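Peer 1: Could you have a look at this structure, given as structure tokens, before my questions?
The values are calculated or read from the model by the stated rules, or taken from the named source; none is laboratory data. Values in this document were obtained by computation on a predicted structure and should not be read as measured data. Virtual Cβ from ideal backbone geometry, glycine too; neighbours counted across all protein chains shown. These accessible areas exclude ligands, DNA and RNA; they are computed on the full protein's heavy atoms, side chains included. Shrake-Rupley method; radii C 1.70, N 1.55, O 1.52, S 1.80 Å.
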Amino acid sequence: MNDYFEKEEVSSCFDILNKANINYILLRNINNELPEKLLRTKDIDIIVHKDNLQLLHEIFLLNGWKQIRHPYYKTPFLYAMTPFRFYDKNGLHIDISCELSCRSLNDGEWFPLHQKIQDDIWLNKVDIKSKPWKYELSSEDEFIHLITRCIFDKKKFSKEYILRIDFLFNKIDLEITLSKLHLIFYNFSNKLIDMISAKEYNYLPKTYITYKDY
């Protein structure tokens, strides 16, 4: 069996979303693995507007997808956050969230990022013409998403994430990005940007966790 999903398999799930006019955004495409290089051990990650969640569920079921238990089904969701959903079709998985979120450094609970960030992702989404998916996060919102994912969820920065973050760092509006980072990292935000600029990724998670001057 091929280690990768066929391009047509990946594209078909986006075709379903597009034809139904689902309001969604692709969350990540690390290493440009979509649509042709998605390993069978990985899934597709998208964020869907809450207002479209039920429609998406119905459309997926009509097209042969089935909802299955999410890998994080046992992890609590805080602050009325909408739990993740997980769908499967012939081994291809699509992981659906309704908010940008990260995990608590205490007991690993999921919680949503600040409401302004949630609102902005829909206002700033980028229309994509040349790919099967319809929308991507703006550079600033993707940058914030990847940073929070590495620090709170993964607690490390992999080579693949570093390459993408470095690429985005050269595109972002720094003032806009810092204003949003302050909603998450408070007084650590400037230090965070300085460390990214200096490519001090290996020290960043521990430096943040041990930072005291909030």
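Peer 1: Per residue of the chain, what 222 nm ellipticity follows from adding -39500 (n - 2.57) for every DSSP H run with n ≥ 4, rounded to the nearest 500?
Peer 2: -11000 deg cm²/dmol
Peer 1: A further question on this structure: What does the charge count around Tyr203 come to, taking other residues whose C-beta lies under 14 Å from its C-beta (Lys +1, Arg +1, Asp -1, Glu -1)?
Peer 2: Cβ neighbours under 14 Å give a net charge of +3.
Peer 1: Of Tyr4, Tyr135, which has the most accessible area with a 1.4 Å probe, and how do the rest follow in descending order?
Peer 2: Per-residue accessible area, sorted high to low, gives Tyr4, Tyr135.
Peer 1: Projected onto the charge dipole of the range 138-214 (+1 at Lys/Arg Cβ, -1 at Asp/Glu Cβ, origin at the Cα centre), which of Phe143, Ser158, Ile193 gives the Cα projection farthest towards the positive end?
Peer 2: Ser158
Peer 1: Determine how large the accessible area of Ser138 is when every protein chain is in place; take a 1.4 Å probe and give Å² rounded to the nearest 10.
Peer 2: That residue has around 10 Å² of solvent-accessible surface.
Peer 1: Please compute the length gained on full extension between Phe111 and Ser130, using 0.36 nm multiplied by the number of residues separating them and subtracting their Cα-Cα distance.
Peer 2: Length difference between fully extended and current span is 3.5 nm.
Peer 1: For Asp119 and Thr75 in the same chain, what is the full-extension length gain: residue separation times 0.36 nm, less their Cα-Cα distance, in nm?
Peer 2: 13.4 nm
Peer 1: Here's another thing I want to ask about it. Scan (1) 18.1; (2) 19.8; (3) 17.2 for the value of Kirkwood radius over Cα pairs in Å calculated from this model and give just the label.
Peer 2: So the calculated entry is the one marked (1).
Peer 1: A follow-up question, please. Might you work out the accessible area of Thr177 for me, using a 1.4 Å probe with all protein chains in place, and round it to the nearest 10 Å²?
Peer 2: Surface open to solvent at Thr177 totals about 0 Å².
Peer 1: Heavy atoms only, 1.4 Å probe, whole protein assembly: order Lys125, Lys66 by accessible area, highest first.
Peer 2: Lys66, Lys125
Peer 1: Run the count for the range 138-214, please: Lys pairs, Cα-Cα under 14 angstrom, 8 or more apart or on different chains.
Peer 2: So the count of such lysine pairs works out to 8.
Peer 1: Turning to a different aspect of this structure: Counting heavy atoms of the protein chains only and a 1.4 Å probe, report the per residue accessible area for the chain as a whole number of Å².
Peer 2: Result: 53 Å² per residue.
Peer 1: Taking amide H positions as placed in the peptide plane 1.01 Å from N, state which residues far from Leu27 in sequence (5 or more) or on other chains have amide H under 5 Å from it.
Peer 2: Asp45, Ile46, Ile47
Peer 1: For His114, enumerate residues with amide H under 5 Å from its amide H, sequence gap 5+ or separate chain, H modeled in the peptide plane.
Peer 2: Amide H neighbours of His114: none.
Peer 1: Ok, one more. Please compute the length gained on full extension between Lys212 and Lys159, using 0.36 nm multiplied by the number of residues separating them and subtracting their Cα-Cα distance.
Peer 2: Length gained between Lys212 and Lys159: 16.3 nm.
Peer 1: For the range 14-114, give the percent of accessible area contributed by carbon and sulfur heavy atoms, probe 1.4 Å, rounded to a whole number.
Peer 2: About 47 percent, which is the carbon plus sulfur part of the accessible surface.
Peer 1: Then there's this: Along the Cα→Cβ direction, 7 angstrom out, place labels at Glu6 and Asn190. What is the inter-label distance in nm?
Peer 2: Rounded to a tenth, the inter-label distance reads 5.6 nm.
Peer 1: Along the range 173-189, what does the Karplus equation 6.51 cos²θ - 1.76 cosθ + 1.60 (θ = phi - 60°) give for ³J(HN,Hα), rounded to whole Hz, x for Gly and Pro?
Peer 2: Each residue's phi maps through the Karplus curve to give 7, 5, 5, 5, 5, 4, 4, 7, 4, 4, 6, 10, 9, 6, 5, 7, 4 Hz.
Peer 1: I'd like the accessible area for Asp119, computed on protein heavy atoms only with a 1.4 Å probe and all protein chains in place. Round to 10 Å², please.
Peer 2: So the heavy atoms of Asp119 present about 80 Å² to solvent.
Peer 1: Now for a separate question. Residue farthest toward the positive end of the dipole of the range 41-85, with Cβ of Lys/Arg at +1 and Asp/Glu at -1: which of Thr41, Thr82, Leu53?
Peer 2: Going by the charge dipole, the pick is Thr41.
Peer 1: Right, another one. Taking amide H positions as placed 1.01 Å from N in the peptide plane, with prolines and chain starts having none, which residues 5 or more places from His93, or on another chain, fall under 5 Å of its amide H?
Peer 2: Ile44
Peer 1: Sticking with this structure for a sec: May I ask you to evaluate 6.51 cos²θ - 1.76 cosθ + 1.60, the Karplus curve with θ = phi - 60°, for each residue of the range 6-20 and list the ³J(HN,Hα) values in order in whole Hz, giving x for glycine and proline?
Peer 2: 5, 4, 5, 5, 5, 5, 5, 5, 6, 4, 4, 5, 5, 5, 8
Peer 1: From the phi of every residue in the range 138-149, what ³J(HN,Hα) in whole Hz does the Karplus formula 6.51 cos²θ - 1.76 cosθ + 1.60 yield, where θ is phi - 60° and glycine or proline is x?
Peer 2: 5, 4, 5, 6, 5, 4, 5, 4, 5, 4, 5, 5
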